[in-house]
Every structure is written in structure tokens, then in C-alpha cells.
């Protein structure tokens with residue numbers, strides 16, 4: 001019995017040491033005020049870059065794109081730009097239809113972009129508003 005409990009304690013100790021050695025501390029994500037997207041119009045083969053402030057909607061073709069969150073990491077961390085986005089398609093009936101809700105990753109546009117028969121939309125970056133210059137006296 002004593003031998004088994006020693007073995008279990010030893011295995012737990014090895015597991016804890018292994019997990020603490022392999023886990024990495026990551027800095028908190030940096031929230032941004034603007035999400036930057038690229039959109040492809042497949043009919044004209046035109047790529048358009050557009051910026052949308054968080055919680056505002058922009059129309060690209062027949063799509064309404066609304067970013068809810070756009071995060072980056074500090075420069076000391078590996079790059080990881082993410083955004084939570086909602087995309088509606090404007091229909092002839094007048095009611096928009098939700099075609100995408102989820103996280104987009106700038107590093108993997110093919111995995112988490114919006115693929116529509118006519119338009120594609122993907123996240124490229126996040127940015128903050130430039131501070132306004134203070135008036136000089």
C-alpha cells in the first residue's frame with residue numbers, strides 16, 4: 001500500500017512539473033477600436049480593404065459586416081490578431097440573413113473567413129485610433 005501511494009505521489013509530482021514547464025504565460029490581449037478587413041468581389045476580381053469601428057456596421061456588396069471585438073497581442077508575444085464578427089447578407093425580401101457569427105483569425109484567413117457565392121471577407125488587422133493632437137496654447 002505504501003509503495004503504491006508513493007508511486008502515485010511521484011507520478012503526480014512528475015505531471016505537475018511537466019505541465020508547469022510546458023505551459024507558457026501569455027500577456028492579456030490588447031483590445032482595439034477598429035477592425036481591418038479585406039473583401040473580394042468575385043465578379044469583378046477586386047480586393048477592397050476597409051476599416052470598421054467596433055460595434056458599427058459597414059456594407060460590403062450585399063454583406064453587412066459588424067465587428068464586436070478586435071484583439072492583438074503585445075509586440076513581445078507571437079502575433080495573434082483575432083476578431084469576433086457578425087455578417088448578415090442583405091436579401092431581396094428586405095430581411096438580412098445571418099451567414100456568419102464567430103471568431104476570425106488574421107493568421108488563418110482561409111479557415112475563418114466569410115465565403116459567400118459572390119463575396120469573401122477576412123480579417124487582416126486591428127488598430128487603435130490615433131490620439132488627437134492637443135491644441136497648442
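Just so it is clear, none of the values below were taken in a lab; they were calculated from the coordinates. Note that the coordinates shown come from a computational prediction; the quantities given were computed from them, not determined experimentally. Because the Cβ atoms are built from the backbone with ideal geometry, glycine has one as well, and the counts that use them run over all protein chains shown.
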(message) Taking 20 °C and 1.002 mPa s as the conditions, I'd like the Stokes-Einstein D for region 30-127 in µm²/s, using the Kirkwood hydrodynamic radius from alpha carbon pairs.
(response) 158
(message) Relative contact order of region 30-127, please, whole-number percent, based on alpha carbon pairs below 8 angstrom and at least 6 residues apart.
(response) 30
(request) Figure the gain on full extension for residue 27 and residue 127 (residue separation times 0.36 nm, minus the Cα-Cα span) and round it to one decimal in nm. (result) 34.2 nm
(request) Pull out the extension gain between residue 86 and residue 99, defined as 0.36 nm times the separation in residues minus the alpha carbon to alpha carbon distance; nm, one decimal. (result) 3.9 nm
(message) At 7 Å along Cα-to-Cβ for each site, give me the label-to-label distance between residue 69 and residue 46 in nm.
(response) 3.4
